[in-house]
1. So residue B:115 fits all but one of (1) outside any strand (DSSP E or B); (2) closer than 18 Å to residue B:43 by Cβ; (3) within 20 Å of the chain's Cα centre (by Cα); what number is the exception?
2. When you check residue A:350 against the structure, is it within 14 Å of chain B (Cβ to nearest Cβ) and assigned to a helix (DSSP H, G or I), yes or no?
3. Being buried (at least 22 other Cβ atoms within 10 Å of the Cβ) and either more than 30 Å from residue B:253 (Cβ to Cβ) or touching a strand residue (DSSP E or B) at 6+ places or on another chain (Cβ under 7 Å) (or both) narrows it down to one of A:254, A:294, so name that one.
4. Across the stretch A:230-254, what is the total count of residues that are farther than 23 Å from residue A:400 by Cα and within 15 Å of the chain's Cα centre (by Cα)?
5. Do we find a residue being in contact (Cβ under 8 Å) with a residue 12 or more places away in the chain and in a loop (DSSP other than H, G, I, E, B) anywhere in the stretch A:289-299?
6. Consider residue B:222 against the criteria (1) under 30 Å from residue A:173 (Cα atoms); (2) at pLDDT below 80: it satisfies all of them except one. Which criterion is unmet?
7. For the stretch B:118-132, state whether one or more residues are closer than 14 Å to residue B:84 by Cβ and either out of contact with any helix residue (DSSP H, G or I) (no Cβ under 7 Å at 6 or more places or on another chain) or assigned to a loop (DSSP other than H, G, I, E, B) (or both).
8. Of the residues B:85, B:91, only one is within 23 Å of the chain's Cα centre (by Cα) and within 22 Å of residue B:55 (Cα to Cα); which?
């Protein structure tokens, strides 16, 4: 019963967003339904989490039905409002993209689509028992996110958490955090929103939201690739590639971390970048702005991805040439190196607000950690091998992907962060254990899969000289 | 057709030849070319526990200074991961220069230390003593604790580290291990979200390398085949990557299925919500349940949980409503007890490093106790309210008392 109510809540908020997106025709053409389902599935629970956070502050944890009531009311109001407008005024986008590579599906293709769909379905079913189990397994889930939700749930009050330094000094009415970082409250608010209707805290219902997010990301990916006129088989394989990643499965089964949600929003922004590369529309910028706001509200680390998104947006807008690229980036690189070597300027410390710092002495530890997790362990199957091969194949596929320069800039930013900046930072000691590496790669997993599929598809279609 | 068969035969024979050469190369090294690494525990590890004797733990060594109760020294090593008895071949103890430490290696196959087996530690050279385990078990027994027991103490000495070596296999044994590594995936059980563990004592061989080795072969075969037919060799590369990916994933799927089966078993069985994570957590959960049923939060001032990180924090989670604050070993010093005030409740979830001693003869009528950390980091007094499976609830009676 608890689970049914949680599914009902998730459906209500997601469908209300889907209805608005559908009504405003933000996307049309092949894959539009999947894309809208993905967008609604990602944004619905997150906006409900933001709503619950506001409700918590104003009314307290007992008003857990308010977020969906507000969202449904706003959605209905928007839909009713738009029905009174002439049809041309509500069409935010034209009817789609020019068909380029649509192909008919033969019997072998249909069989392969069936096989990959079956593999995805089996994965979904094998994650389900863990997701519905009444427990929070992983460390940070019950130490940070789930703990905060549970405190609000059991006390019936919105309680702020004091810094750990006040453990021995704060009075008896205070609750003290154990971690030094004061994480944003959207994810615990979302957990509370999904548990609000139960009588006893079990940590059960929130798990469904993680499976929901993973499913929504799959829909986004399928819808995007169909929008880009890629064959259905390629779109289904892409969904399978992302869904099959062991760490993604671990973060779904062992739900309770914020990273999958960060991945969902970063994935959504990547999708929007790709769509706007084909045909830029005002809602694209609205979507990117929403994502920019949501990322740091999910997890503090979201602010670093915001930097990458702003960078990608600038590249998308100005489309600099290779010379301009070098002109813009080389001086910064030189200034960074000179600043560090001669003036001991720790710009990683400066950029991260003191959370990380330059730690060149542990560079090899970091690189060894990256190497093991990318190429030795099977955390990511062949994803990094495929990314590596696709980087090699990029010159041959460039003709097919050069329109998507904003997205490519985001991919370049992410790869530089993962294999360049992280091993140089103080976080390199955690790269070996995987605690940092896995999480950063989860955030960036969807752009990587999209990159692999697009380049591989473009490379396959290459006919001629580079 | 015949030429194709010849070509396939050559490929097959080359693969088998390479495999045999590789196996012999691995077996020619005493450490099996690093494929079967020993588990090393250094002196500074938090897994050591002193059961008897005067032992000081430093960064580089455990200094054995004298005997304790029963005139013996017993140093316990809580295994980082419980290991199957039959998988452990030998245990090597690295010590300070020593003629003969005259100690035994004992081990426990129970989560609580109960002696299950014993072997003498034989001095191999001045700084190394070794015990060989030739234990046979029914396959279900795991070593939870190792211990070094010295009954005749002559002079102080030091332990630098311990290496636990697996039983090294012969040629067929190696093939069996390879087969198990690839085709016998264990149910995915771990609760760590960050990465997939390499099984301790498992073959330290990357499945990815094996898969890539296979993929390269597959690319070549498919590519050459396609090129000879005038077909699209690029498709061969893409299909090669995809086939290897799916193969790795089917293996991962079988690990997930094992876990799903366990989760379904839990879901269909009787359980109380919320499910504790493991046996240790069950005890903490039961302790929290008992305390919250017999006492109310407003009877106390502040509530602290005292213990190792996992135990102290799990209690904090189970008693979220009470606003429990965890005091973990990083904070264990005499300073923190000076902050204790009358009415504070200290919940002790560490039965190993924190000792509770009654201060009165009639404990039932006057349950006053002294709480002290074994190495003397802190101590304080209070009234015992409850005890459950080695965990205690101690109420502080007066802050002045603890300042003394």
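The values are calculated or read from the model by the stated rules, or taken from the named source; none is laboratory data. In this text, all values refer to a predicted model and were calculated from it rather than measured experimentally. Reconstructed Cβ throughout: ideal geometry from the backbone, glycine too, with neighbour counts over all protein chains shown.
1. (2)
2. In short, no.
3. Details: A:254 fails: either more than 30 Å from residue B:253 (Cβ to Cβ) or touching a strand residue (DSSP E or B) at 6+ places or on another chain (Cβ under 7 Å) (or both).
Testing whether each residue is buried (at least 22 other Cβ atoms within 10 Å of the Cβ) and either more than 30 Å from residue B:253 (Cβ to Cβ) or touching a strand residue (DSSP E or B) at 6+ places or on another chain (Cβ under 7 Å) (or both) leaves just A:294.
4. Step one: filter the stretch A:230-254 for residues farther than 23 Å from residue A:400 by Cα, giving A:243-254.
Then keep just the ones that are within 15 Å of the chain's Cα centre (by Cα); that gives A:243, A:245, A:247-249, A:251-252.
Residues meeting the conditions: 7.
5. Yes, the stretch A:289-299 contains a residue that is in contact (Cβ under 8 Å) with a residue 12 or more places away in the chain and in a loop (DSSP other than H, G, I, E, B).
6. That leaves (1) as the condition not met.
7. no
8. Details: B:85 fails: within 22 Å of residue B:55 (Cα to Cα).
Selected residue: B:91, the only one of B:85, B:91 that is within 23 Å of the chain's Cα centre (by Cα) and within 22 Å of residue B:55 (Cα to Cα).
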